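**Q** Below you'll find the structure I mean.
The values are calculated or read from the model by the stated rules, or taken from the named source; none is laboratory data. Worth saying up front: this structure is predicted, and the values here are computed from it rather than measured. Cβ sites come from the backbone with ideal geometry, for glycine too, and all protein chains shown count toward neighbours. Keep in mind that these areas ignore ligands, DNA and RNA; they rest on the heavy atoms of the full protein, side chains included. Shrake-Rupley method; radii C 1.70, N 1.55, O 1.52, S 1.80 Å.
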Amino acid sequence: KQSQWTTTLPIAVSGKVAQIRPSKDRSIVSVASGIPGVGGQVTLLSVTPGGVELLRVIEGHRDTLYTAVVSPDNQTVATGGYDRIVRLWSIESGKLIREFTGHNGAIYDLDFDGSGTVLASASADETIKIWRVDSGQRLDTLGQGEAEQLRVRFLATQIPNSVDIIATGADRRIRQWRLPSLDQPSVSPLLQSIFAHESTIHQLALSNYQRQACTGAQDGTIKIWDTQTWELIADMPTSKSLLTSMGWNADGSAVYWS
């Protein structure tokens, strides 16, 4: 279903908005924005039944931000953008906690695993990197991408101390890896590599229980997949405009895009 509603908030956002993303419990929304060559900004909004209020604004990158994601415990927010550095901030104080460096291209997307132990980053350098949040240690670099990687998400497994990673990008594929350890550097085997769209896949959203994934491409095509088998569940109506956001409702019964 294409979203038909809009809302206007009396909150100033610096530059062009690149990503709007709710926290895991949907109580905080992060807005990544910025001005090229000037700086980036993440605007954090508190969402309650009574309305939406400004929680905090954090500035600190040398260029525009493309992504910002709140940790599962709502205590920190990770940001990334054109300057190739991932930064972790305290939401309460707005202070920088640590930096994660090593990418050779812009950071387009970030995601925490469900426990908040590790962080994944998707980059223009065609890689996905996995970081230990509490130390900044890089656990693995997933280098099978053949073009810019634009979206990355964690997928829970039934294996203790292990998670899967899903990524999409300009190479038009969905890839899935298994991170065998959340504690130590390791080699993550590639489990799936699926040619999914005819153009760049720049939107990826998992349902609340992670049983389905929705992907959106720059040609307007939208598809829903079974995350256990990666069989195509449905081809949705093609969007006539460029997709700017995508998500599922709380019970996973409907997907929305705009």
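**Q** Take the alpha carbon gyration tensor of segment 62-108, find the square roots of its eigenvalues, order them as a ≥ b ≥ c, and report rounded if a/c is under 1.5; if not, report prolate when a/b exceeds b/c, else oblate.
**A** prolate
**Q** Another question, then. Want the number for ILE35 to SER93: 0.36 nm per residue separation, take away the alpha-carbon distance, what's left?
**A** So the extension gain works out to 18.5 nm.
**Q** Take the alpha-carbon positions of segment 159-258, form their convex hull, and give its projected area averaged over all directions (one quarter of the hull surface) in nm².
**A** 6.9
**Q** I'd like the distance separating the alpha-carbon centroids of segment 164-200 and segment 79-144, in whole Å.
**A** 16
**Q** Which whole-number percent is the relative contact order of the chain (Cα, under 8 Å, 6+ apart)?
**A** So the answer I get is 10 percent.
**Q** For segment 177-236, what does the accessible surface come to per residue with a 1.4 Å probe? Please give it in Å².
**A** On a per-residue basis, 48 Å².
**Q** Output ³J(HN,Hα) for segment 106-122: one whole-Hz value per residue in order, computed from phi by the Karplus curve 6.51 cos²θ - 1.76 cosθ + 1.60 with θ = phi - 60°, and x for Gly and Pro.
**A** With the stated coefficients, segment 106-122 comes to 4, 9, 9, 7, 9, 7, 8, 6, x, 8, x, 7, 10, 10, 10, 10, 10 Hz.
**Q** Rounded, prolate or oblate: which one fits segment 98-149, using the alpha carbon gyration tensor with axes a ≥ b ≥ c (rounded when a/c is under 1.5, else prolate when a/b beats b/c, else oblate)?
**A** Prolate.
**Q** Which ³J(HN,Hα) values in Hz, rounded to whole numbers, follow from the phi angles of segment 194-204 under the Karplus curve 6.51 cos²θ - 1.76 cosθ + 1.60, where θ = phi - 60° and Gly and Pro get x?
**A** For segment 194-204, the Karplus curve yields 10, 6, 10, 9, 8, 9, 3, 8, 10, 9, 8 Hz.
**Q** Taking only protein heavy atoms into account and a 1.4 Å probe, give the accessible area per residue of segment 83-137 in Å².
**A** It amounts to 35 Å² per residue over segment 83-137.
**Q** I would also like to ask the following. What number do you get for the chain when its Cα radius of gyration is normalised by 2.2 N^0.38 Å, N = residues?
**A** Cα Rg divided by the expected 2.2 N^0.38 Å: 0.94.
**Q** Now for a separate question. Just the number, please: carbon plus sulfur as a percent of the accessible area of the chain, 1.4 Å probe, no ligands or DNA/RNA counted.
**A** 49
**Q** A follow-up question, please. Roughly how many debye, to the nearest 20, is the charge dipole of the chain about its Cα centre, given +1 on each Lys and Arg Cβ, -1 on each Asp and Glu Cβ, and no other charges?
**A** So the dipole magnitude of the chain works out to roughly 260 debye.
**Q** Under Stokes-Einstein, with the Kirkwood radius over Cα pairs standing in for Rh, what whole-number D in µm²/s applies to segment 71-224 at 37 °C and 0.692 mPa s?
**A** Estimated diffusion coefficient is 211 µm²/s.
**Q** Compute for segment 170-216: radius of gyration divided by Kirkwood radius, i.e. Rg/Rh, restricted to C-alpha atoms, rounded to two decimals.
**A** 1.04
**Q** Another question about this same structure. Does segment 23-64 come out rounded, prolate or oblate, given a ≥ b ≥ c as the square roots of the eigenvalues of its C-alpha gyration tensor, rounded meaning a/c under 1.5 and, failing that, prolate meaning a/b above b/c?
**A** The shape class here is prolate.
**Q** How would LYS129, LYS240 rank on accessible area, largest to smallest, probe 1.4 Å?
**A** Ranked from most to least accessible, the order is LYS240, LYS129.
**Q** What ranking do 154-161, 39-46 get when scored by the average of other Cβ atoms within 10 Å per residue, highest first?
**A** Going by the mean number of other Cβ atoms within 10 Å, highest first, we get 39-46, 154-161.
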